[in-house]
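Scroll down for the structure; my scribbles are underneath it.
The values are calculated or read from the model by the stated rules, or taken from the named source; none is laboratory data. Quick caveat: nothing in here was measured; it's all calculated off a predicted structure. A quick note on method: Cβ atoms are made from the backbone with ideal geometry, for glycine too, and the neighbour counts reach across all protein chains shown.
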Amino acid sequence: MTSGAAFLMLDATSCAKHRLEGGLSNLKPCRLDGIKEALFCGKLTVFENRQTRIGRTIDLNVVVLPALDQKAKAEPLFDPAGGPGVASTGAAMFYAREGKEYRRRHDVVCVDQRGTGKSNHLAIER
């Protein structure tokens, strides 16, 4: 994700009227079950082969939890999730509650890796 710098433009106080630029412009203010604050959610379309930047694309599911202190904001934190098949967006509840301190000065970006969560689901016949 070389577009990480674009996440720095999030504004938690005006989430509903804020628009992101570039490849993140399709992220919209959203609400997730159990989280009372507005977040940004959507799909980020990337090339399957990032080096050639041609050919097939895949959609990655993204949830951004804005930094709590927008004025002293530092670079975003990315949660890549761990283990095979684990969706990063499932951690949004943690960052909205127990892990809220991580967001003191950082946007937290949860991106479901390919084949996890809602990112280009891989179905394998058995």
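Considering region 50-88 alone, what residues qualify as being in contact (Cβ under 8 Å) with a residue 40 or more places away in the chain and closer than 17 Å to ARG114 by Cβ?
Keep residues of region 50-88 that are in contact (Cβ under 8 Å) with a residue 40 or more places away in the chain, which gives 58-68, 70, 73, 75-76, 78.
ILE58, ASP59, LEU60, ASN61, VAL62, VAL63, PHE78 - these are the residues of region 50-88 that are in contact (Cβ under 8 Å) with a residue 40 or more places away in the chain and closer than 17 Å to ARG114 by Cβ.
Evaluate the following for PHE40: is it surrounded by 14 or more Cβ atoms within 10 Å (Cβ to Cβ), at pLDDT below 90 and among the aromatic types (Phe, Trp, Tyr)? Considered against the rule, which asks whether it is surrounded by 14 or more Cβ atoms within 10 Å (Cβ to Cβ), at pLDDT below 90 and among the aromatic types (Phe, Trp, Tyr), PHE40 comes out as no.
Taking first residues from region 38-49 that are without any contact (Cβ under 8 Å) to a residue 12 or more places away in the chain and over 25 Å from ALA67 (Cα atoms) and partners that are hydrophobic (A, V, I, L, M, F, W, C) and not in a loop (DSSP other than H, G, I, E, B), the Cβ contacts under 7 Å between residues at least 6 apart in sequence or on separate chains come to GLU48/ILE58.
Somewhere in region 7-29, is a residue modelled with pLDDT of 85 or more and either hydroxyl-bearing (Ser, Thr, Tyr) or more than 20 Å from ARG114 (Cα to Cα) (or both)? So that I can check it myself, show each step before the final result.
The initial filter retains those residues of region 7-29 that are modelled with pLDDT of 85 or more, namely 27-29.
The next check asks that each one be either hydroxyl-bearing (Ser, Thr, Tyr) or more than 20 Å from ARG114 (Cα to Cα) (or both); those that pass are 28-29.
Within region 7-29 (the criterion being modelled with pLDDT of 85 or more and either hydroxyl-bearing (Ser, Thr, Tyr) or more than 20 Å from ARG114 (Cα to Cα) (or both)), the answer is yes, since at least one residue qualifies.
The set of residues in region 91-126 that are without any contact (Cβ under 8 Å) to a residue 40 or more places away in the chain and under 24 Å from GLU48 (Cα atoms) comprises GLY115, THR116, HIS121, LEU122, ALA123, ILE124, GLU125. Scanning region 71-104 for residues that are out of contact with any strand residue (DSSP E or B) (no Cβ under 9 Å at 6 or more places or on another chain) and either of a type in the set (Ser, Thr, Tyr) or surrounded by 16 or more Cβ atoms within 10 Å (Cβ to Cβ) (or both) gives a single hit, LYS73. A single entry from ILE54, ILE35 fulfils the requirement of being of a type in the set (Val, Ile, Thr), touching a helix residue (DSSP H, G or I) at 6+ places or on another chain (Cβ under 7 Å) and modelled with pLDDT of 90 or more: ILE35.
Among the residues of region 114-123, write down those that are farther than 15 Å from CYS41 by Cα, touching a Ser or Thr at 6+ places or on another chain (Cβ under 9 Å) and surrounded by 14 or more Cβ atoms within 10 Å (Cβ to Cβ). Residue satisfying the conditions is THR116 alone.
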